[in-house]
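As C-alpha coordinates, the structure follows; a few thoughts come after it.
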Amino acid sequence: MKKPTKAVIPVAGLGTRFLPATKSIPKEMLTIVDAPIIFYVIEEAIHAGIQDIVLIQGRGKTAIEDFFDTSYELEDKLMRDNKYYLLDRLNEIRNKVNIISIRQKHPLGLGHAVLCAQPVLGNEPFAVLLGDEIMLPQAPHEDYTTAELSKAFEATGHSTVAIMSIQEVDVQKYGIVDFGGRLPQEFPARVAGFVEKPNLNNAPSLWALPGRYIFSSSILDELKNQKPGKLGEIQLTDAMNSLSKKEPVYALPTRNIRYDAGDKVGYPIANIEIGLRHPDVGPFLRNYLQNQLPLLLKQTARPS
Ligand code: G1P
(Lines give C-alpha, C1' and ligand atoms only; values in the text may rest on other atoms or scores of the structure.)
Protein backbone atom coordinates (compact mmCIF):
# COMPACT_ATOMS: atom_id res chain seq x y z
CA MET A 1 0.00 0.00 0.00
CA LYS A 2 1.25 3.50 -0.88
CA LYS A 3 2.22 5.78 1.98
CA PRO A 4 -0.23 8.63 2.61
CA THR A 5 0.68 12.03 1.12
CA LYS A 6 -2.03 14.04 2.86
CA ALA A 7 -2.22 15.06 6.49
CA VAL A 8 -4.95 16.72 8.50
CA ILE A 9 -3.88 19.04 11.30
CA PRO A 10 -6.84 20.22 13.39
CA VAL A 11 -6.14 23.68 14.82
CA ALA A 12 -9.67 24.82 15.57
CA GLY A 13 -9.55 24.44 19.37
CA LEU A 14 -10.23 27.51 21.51
CA GLY A 15 -7.04 27.08 23.56
CA THR A 16 -8.85 27.62 26.86
CA ARG A 17 -6.07 25.75 28.74
CA PHE A 18 -3.71 28.59 27.86
CA LEU A 19 -5.74 31.75 28.47
CA PRO A 20 -5.15 34.67 28.49
CA ALA A 21 -2.24 34.05 26.04
CA THR A 22 -4.55 32.39 23.53
CA LYS A 23 -7.22 35.09 23.54
CA SER A 24 -5.90 36.54 20.27
CA ILE A 25 -3.02 34.18 19.38
CA PRO A 26 -3.85 30.60 18.38
CA LYS A 27 -2.02 28.21 20.72
CA GLU A 28 -0.43 26.56 17.69
CA MET A 29 1.36 29.88 17.04
CA LEU A 30 2.99 30.08 20.48
CA THR A 31 6.75 30.08 20.09
CA ILE A 32 9.01 27.21 21.00
CA VAL A 33 12.55 28.68 20.90
CA ASP A 34 12.30 30.41 17.50
CA ALA A 35 9.40 28.79 15.65
CA PRO A 36 5.68 28.34 16.32
CA ILE A 37 4.44 24.98 17.60
CA ILE A 38 2.75 24.26 14.25
CA PHE A 39 6.14 24.57 12.51
CA TYR A 40 7.47 21.52 14.38
CA VAL A 41 4.29 19.55 13.66
CA ILE A 42 4.52 20.26 9.94
CA GLU A 43 8.24 19.38 9.94
CA GLU A 44 7.23 15.97 11.32
CA ALA A 45 4.65 15.57 8.53
CA ILE A 46 7.25 16.48 5.88
CA HIS A 47 9.62 13.80 7.27
CA ALA A 48 6.84 11.27 6.64
CA GLY A 49 6.58 12.26 2.96
CA ILE A 50 3.40 14.32 3.36
CA GLN A 51 2.84 16.75 0.48
CA ASP A 52 -0.55 18.29 1.28
CA ILE A 53 -1.41 19.63 4.71
CA VAL A 54 -5.06 20.32 5.48
CA LEU A 55 -5.38 22.76 8.37
CA ILE A 56 -8.82 22.67 9.98
CA GLN A 57 -9.24 26.13 11.37
CA GLY A 58 -11.71 27.79 13.69
CA ARG A 59 -12.50 31.45 14.09
CA GLY A 60 -9.64 33.83 14.88
CA LYS A 61 -6.92 31.54 13.54
CA THR A 62 -5.84 33.63 10.56
CA ALA A 63 -2.36 34.10 12.12
CA ILE A 64 -1.65 30.47 11.14
CA GLU A 65 -2.54 31.08 7.48
CA ASP A 66 -0.56 34.33 7.48
CA PHE A 67 2.48 32.45 8.69
CA PHE A 68 2.53 30.41 5.48
CA ASP A 69 2.01 33.45 3.23
CA THR A 70 4.75 35.24 1.33
CA SER A 71 5.93 38.38 3.08
CA TYR A 72 7.61 40.41 0.31
CA GLU A 73 8.95 43.28 2.44
CA LEU A 74 10.45 40.92 5.01
CA GLU A 75 11.98 38.58 2.46
CA ASP A 76 13.39 41.45 0.44
CA LYS A 77 14.99 42.92 3.55
CA LEU A 78 16.52 39.59 4.59
CA MET A 79 17.99 39.20 1.09
CA ARG A 80 19.43 42.70 1.08
CA ASP A 81 20.93 42.08 4.53
CA ASN A 82 22.42 38.76 3.32
CA LYS A 83 20.47 36.90 6.01
CA TYR A 84 19.89 33.88 3.80
CA TYR A 85 19.90 31.43 6.70
CA LEU A 86 16.80 33.12 8.13
CA LEU A 87 15.16 33.18 4.73
CA ASP A 88 15.86 29.46 4.32
CA ARG A 89 14.29 28.69 7.67
CA LEU A 90 11.20 30.73 6.74
CA ASN A 91 10.88 28.98 3.40
CA GLU A 92 11.85 25.53 4.68
CA ILE A 93 8.29 24.45 5.18
CA ARG A 94 6.44 26.60 2.69
CA ASN A 95 8.31 25.29 -0.32
CA LYS A 96 7.95 21.65 0.62
CA VAL A 97 4.20 21.28 1.23
CA ASN A 98 0.90 22.69 0.03
CA ILE A 99 -1.09 24.23 2.83
CA ILE A 100 -4.84 23.90 2.39
CA SER A 101 -7.08 25.61 4.86
CA ILE A 102 -10.65 24.56 5.73
CA ARG A 103 -12.92 26.33 8.19
CA GLN A 104 -14.72 24.21 10.80
CA LYS A 105 -17.83 26.31 11.13
CA HIS A 106 -19.00 24.90 14.47
CA PRO A 107 -16.79 23.55 17.28
CA LEU A 108 -18.32 20.06 17.27
CA GLY A 109 -15.21 18.15 18.33
CA LEU A 110 -12.02 16.57 17.02
CA GLY A 111 -13.86 13.90 15.01
CA HIS A 112 -15.95 16.54 13.28
CA ALA A 113 -12.81 18.60 12.56
CA VAL A 114 -11.21 15.63 10.78
CA LEU A 115 -14.40 15.01 8.81
CA CYS A 116 -14.27 18.62 7.54
CA ALA A 117 -11.17 17.59 5.50
CA GLN A 118 -13.14 15.06 3.45
CA PRO A 119 -13.44 17.19 0.27
CA VAL A 120 -9.63 17.25 0.04
CA LEU A 121 -9.01 13.66 1.16
CA GLY A 122 -11.28 11.77 -1.25
CA ASN A 123 -10.68 8.02 -0.91
CA GLU A 124 -7.02 8.23 -0.01
CA PRO A 125 -5.44 7.21 3.29
CA PHE A 126 -4.28 10.15 5.36
CA ALA A 127 -2.39 11.14 8.50
CA VAL A 128 -3.73 13.15 11.42
CA LEU A 129 -1.35 15.13 13.62
CA LEU A 130 -2.77 17.08 16.55
CA GLY A 131 -1.53 20.65 16.15
CA ASP A 132 -0.48 21.44 19.73
CA GLU A 133 1.67 18.39 20.39
CA ILE A 134 5.29 18.22 19.35
CA MET A 135 6.86 14.80 18.84
CA LEU A 136 10.63 14.58 18.37
CA PRO A 137 12.94 11.59 17.90
CA GLN A 138 15.16 10.90 20.93
CA ALA A 139 18.27 10.43 18.79
CA PRO A 140 19.22 11.69 15.30
CA HIS A 141 19.08 8.22 13.71
CA GLU A 142 15.51 7.62 14.92
CA ASP A 143 12.39 8.40 12.90
CA TYR A 144 9.54 10.74 13.68
CA THR A 145 6.33 9.06 14.89
CA THR A 146 4.32 9.86 11.74
CA ALA A 147 7.10 8.44 9.53
CA GLU A 148 7.04 5.23 11.62
CA LEU A 149 3.26 4.98 11.32
CA SER A 150 3.49 5.58 7.61
CA LYS A 151 5.99 2.74 7.19
CA ALA A 152 3.73 0.41 9.15
CA PHE A 153 0.75 1.45 7.02
CA GLU A 154 2.75 0.75 3.87
CA ALA A 155 3.34 -2.81 5.12
CA THR A 156 -0.20 -3.70 6.28
CA GLY A 157 -2.49 -1.29 4.38
CA HIS A 158 -4.51 -0.78 7.57
CA SER A 159 -5.07 2.19 9.85
CA THR A 160 -2.24 2.47 12.38
CA VAL A 161 -2.16 4.80 15.37
CA ALA A 162 0.64 5.77 17.73
CA ILE A 163 0.41 4.76 21.39
CA MET A 164 2.40 5.59 24.51
CA SER A 165 2.35 4.06 27.95
CA ILE A 166 1.03 6.30 30.72
CA GLN A 167 0.56 6.38 34.50
CA GLU A 168 -2.78 5.52 36.08
CA VAL A 169 -3.39 9.17 37.11
CA ASP A 170 -3.30 10.26 33.45
CA VAL A 171 -5.88 7.82 32.09
CA GLN A 172 -8.66 10.42 32.11
CA LYS A 173 -6.71 12.77 29.84
CA TYR A 174 -6.40 10.47 26.83
CA GLY A 175 -8.01 8.10 24.40
CA ILE A 176 -7.10 4.60 25.67
CA VAL A 177 -6.48 1.42 23.68
CA ASP A 178 -8.30 -1.83 24.37
CA PHE A 179 -6.19 -4.86 23.47
CA GLY A 180 -8.98 -7.28 24.37
CA GLY A 181 -7.63 -8.21 27.78
CA ARG A 182 -4.17 -9.45 26.83
CA LEU A 183 -1.19 -7.24 26.21
CA PRO A 184 0.40 -7.87 22.83
CA GLN A 185 3.88 -9.38 22.61
CA GLU A 186 4.63 -7.79 19.27
CA PHE A 187 3.89 -4.48 17.58
CA PRO A 188 2.21 -3.15 15.49
CA ALA A 189 -0.60 -4.99 17.27
CA ARG A 190 -4.24 -5.23 16.25
CA VAL A 191 -6.52 -3.46 18.70
CA ALA A 192 -9.92 -4.59 19.96
CA GLY A 193 -11.23 -1.05 20.53
CA PHE A 194 -10.67 2.40 21.98
CA VAL A 195 -12.26 4.40 24.81
CA GLU A 196 -12.09 8.19 25.05
CA LYS A 197 -10.91 9.42 28.47
CA PRO A 198 -12.28 6.60 30.65
CA ASN A 199 -12.25 6.49 34.45
CA LEU A 200 -9.42 4.42 35.82
CA ASN A 201 -11.93 1.68 36.76
CA ASN A 202 -13.05 1.33 33.15
CA ALA A 203 -9.66 1.82 31.50
CA PRO A 204 -8.89 -1.21 29.30
CA SER A 205 -5.10 -0.57 29.43
CA LEU A 206 -2.44 2.01 30.25
CA TRP A 207 -1.70 2.59 26.56
CA ALA A 208 -2.83 6.05 25.41
CA LEU A 209 -3.19 7.91 22.12
CA PRO A 210 -0.62 10.73 21.90
CA GLY A 211 -2.26 12.36 18.85
CA ARG A 212 -0.65 10.79 15.78
CA TYR A 213 -2.69 8.62 13.44
CA ILE A 214 -2.76 7.14 9.93
CA PHE A 215 -6.20 6.18 8.67
CA SER A 216 -7.67 4.36 5.73
CA SER A 217 -10.42 6.49 4.19
CA SER A 218 -13.12 4.29 5.80
CA ILE A 219 -12.68 6.27 9.05
CA LEU A 220 -14.59 9.07 7.30
CA ASP A 221 -17.71 6.86 7.02
CA GLU A 222 -17.45 6.07 10.72
CA LEU A 223 -17.11 9.78 11.52
CA LYS A 224 -20.17 10.60 9.43
CA ASN A 225 -22.27 8.13 11.44
CA GLN A 226 -20.83 9.05 14.81
CA LYS A 227 -23.18 10.35 17.54
CA PRO A 228 -21.84 12.94 20.01
CA GLY A 229 -19.77 11.27 22.75
CA LYS A 230 -17.71 12.74 25.64
CA LEU A 231 -18.53 16.45 26.21
CA GLY A 232 -21.29 16.19 23.60
CA GLU A 233 -18.65 16.28 20.83
CA ILE A 234 -18.05 14.02 17.82
CA GLN A 235 -15.01 12.11 19.09
CA LEU A 236 -12.33 10.74 16.77
CA THR A 237 -11.66 7.97 19.31
CA ASP A 238 -15.30 6.77 19.10
CA ALA A 239 -15.06 6.55 15.29
CA MET A 240 -11.78 4.62 15.65
CA ASN A 241 -13.55 2.25 18.03
CA SER A 242 -16.32 1.57 15.48
CA LEU A 243 -13.76 1.17 12.69
CA SER A 244 -11.76 -1.36 14.71
CA LYS A 245 -14.85 -3.63 14.88
CA LYS A 246 -15.11 -3.67 11.06
CA GLU A 247 -11.53 -3.75 9.81
CA PRO A 248 -8.09 -4.14 11.39
CA VAL A 249 -6.69 -1.12 13.19
CA TYR A 250 -3.13 -1.37 14.49
CA ALA A 251 -1.33 0.34 17.35
CA LEU A 252 2.38 1.13 17.34
CA PRO A 253 4.24 2.41 20.42
CA THR A 254 6.29 5.53 19.78
CA ARG A 255 9.74 6.19 21.22
CA ASN A 256 9.54 9.89 20.34
CA ILE A 257 9.63 12.48 23.09
CA ARG A 258 6.23 14.13 23.29
CA TYR A 259 5.65 17.70 24.38
CA ASP A 260 2.14 18.82 25.23
CA ALA A 261 3.13 22.31 24.09
CA GLY A 262 -0.41 23.73 24.33
CA ASP A 263 -0.34 23.27 28.09
CA LYS A 264 0.97 25.76 30.68
CA VAL A 265 3.47 23.29 32.10
CA GLY A 266 4.24 21.41 28.87
CA TYR A 267 5.06 24.70 27.14
CA PRO A 268 8.05 25.84 29.25
CA ILE A 269 9.32 22.24 29.37
CA ALA A 270 9.27 22.14 25.54
CA ASN A 271 11.09 25.47 25.37
CA ILE A 272 13.84 24.28 27.71
CA GLU A 273 14.34 20.84 26.19
CA ILE A 274 14.10 21.92 22.54
CA GLY A 275 16.18 25.01 23.40
CA LEU A 276 18.94 22.75 24.75
CA ARG A 277 19.12 21.01 21.37
CA HIS A 278 19.24 24.30 19.44
CA PRO A 279 22.73 25.11 18.05
CA ASP A 280 22.66 28.86 18.96
CA VAL A 281 20.45 28.91 22.02
CA GLY A 282 21.54 25.55 23.54
CA PRO A 283 24.95 26.59 24.99
CA PHE A 284 23.52 29.71 26.70
CA LEU A 285 20.56 27.84 28.10
CA ARG A 286 22.79 25.03 29.36
CA ASN A 287 25.02 27.55 31.08
CA TYR A 288 22.00 29.23 32.70
CA LEU A 289 20.49 25.95 33.84
CA GLN A 290 23.78 24.76 35.32
CA ASN A 291 24.83 27.96 37.04
CA GLN A 292 21.78 30.07 37.85
CA LEU A 293 18.97 27.61 38.19
CA PRO A 294 20.11 25.77 41.34
CA LEU A 295 20.18 29.09 43.22
CA LEU A 296 16.81 30.17 41.81
CA LEU A 297 15.29 26.83 42.82
CA LYS A 298 16.50 27.39 46.38
CA GLN A 299 15.17 30.95 46.46
CA THR A 300 11.74 30.05 45.15
CA ALA A 301 11.31 26.82 47.17
CA ARG A 302 8.09 26.81 49.17
CA PRO A 303 8.62 26.39 52.92
CA SER A 304 7.45 22.91 53.90
C1 G1P B 1 -7.45 14.44 22.15
C2 G1P B 1 -8.07 13.09 21.82
C3 G1P B 1 -7.52 12.01 22.75
C4 G1P B 1 -6.00 12.00 22.67
C5 G1P B 1 -5.47 13.38 23.03
C6 G1P B 1 -3.97 13.47 22.88
O7 G1P B 1 -7.93 14.89 23.39
O8 G1P B 1 -9.47 13.18 21.92
O9 G1P B 1 -8.02 10.76 22.38
O10 G1P B 1 -5.49 11.02 23.56
O11 G1P B 1 -6.04 14.38 22.17
O12 G1P B 1 -3.52 14.69 23.40
P13 G1P B 1 -7.74 16.42 23.88
O14 G1P B 1 -6.33 16.52 24.41
O15 G1P B 1 -7.96 17.29 22.70
O16 G1P B 1 -8.75 16.62 24.96
| message | Just checking, does the stretch 101-120 include any residue being surrounded by fewer than 15 Cβ atoms within 10 Å (Cβ to Cβ), away from the ligand (no atom under 16 Å from the Cβ) and closer than 28 Å to K2 by Cβ? | response | yes
| Candidates K96, K105, filtered to the one that is basic (K, R), assigned to a loop (DSSP other than H, G, I, E, B) and closer than 24 Å to E233 by Cα | K105
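Quick one: which helices (runs of 4 or more DSSP H) sit completely within the stretch 246-300 and have at least 3 residues that are of a type in the set (G, A, S)? Write out each step before concluding.
Details: elements: 266-277, 281-291, 293-300.
Fully inside the stretch 246-300 and qualifying: 266-277.
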| task | Search the stretch 168-180 for residues being closer than 19 Å to D238 by Cα and more than 15 Å from the ligand (Cβ to nearest atom), and hand back the single one that is surrounded by the most Cβ atoms within 10 Å (Cβ to Cβ). | result | F179
| Any residue at all in the stretch 68-90 that is of a type in the set (G, A, S) and more than 20 Å from L236 (Cβ to Cβ)? | yes
| Going by the conditions given, is E186 farther than 19 Å from R255 by Cα, surrounded by fewer than 13 Cβ atoms within 10 Å (Cβ to Cβ) and more than 14 Å from the ligand (Cβ to nearest atom)? | no
| task | Give the residue that is nearest to the chain's Cα centre (by Cα), with candidates limited to residues of the stretch 200-225 that are over 26 Å from R182 (Cβ atoms) and not in a helix (DSSP H, G or I). | result | S217
| Single residue of the stretch 238-280 satisfying the filter (more than 16 Å from P137 (Cβ to Cβ) and aromatic (F, W, Y)) that is nearest to the ligand (Cβ to nearest atom) | Y267
| message | Against the definition (away from the ligand (no atom under 16 Å from the Cβ) and at pLDDT 95 or above), how does I214 come out, yes or no? | response | no
| request: Might you check whether a residue that is under 18 Å from V128 (Cβ atoms), modelled with pLDDT of 95 or more and under 17 Å from the mean Cα position of the chain (by Cα) occurs anywhere in the stretch 226-236? | output: yes
| Residue among Q226, Q235 that alone is under 16 Å from F194 (Cβ atoms), of a type outside the set (V, I, T), more than 12 Å from the ligand (Cβ to nearest atom) and surrounded by 15 or more Cβ atoms within 10 Å (Cβ to Cβ) | Q226
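The values are calculated or read from the model by the stated rules, or taken from the named source; none is laboratory data. In this text, all values refer to a predicted model and were calculated from it rather than measured experimentally. Don't worry about glycine lacking a Cβ; one is built from the backbone with ideal geometry, like all the others, and counts go over all protein chains shown.
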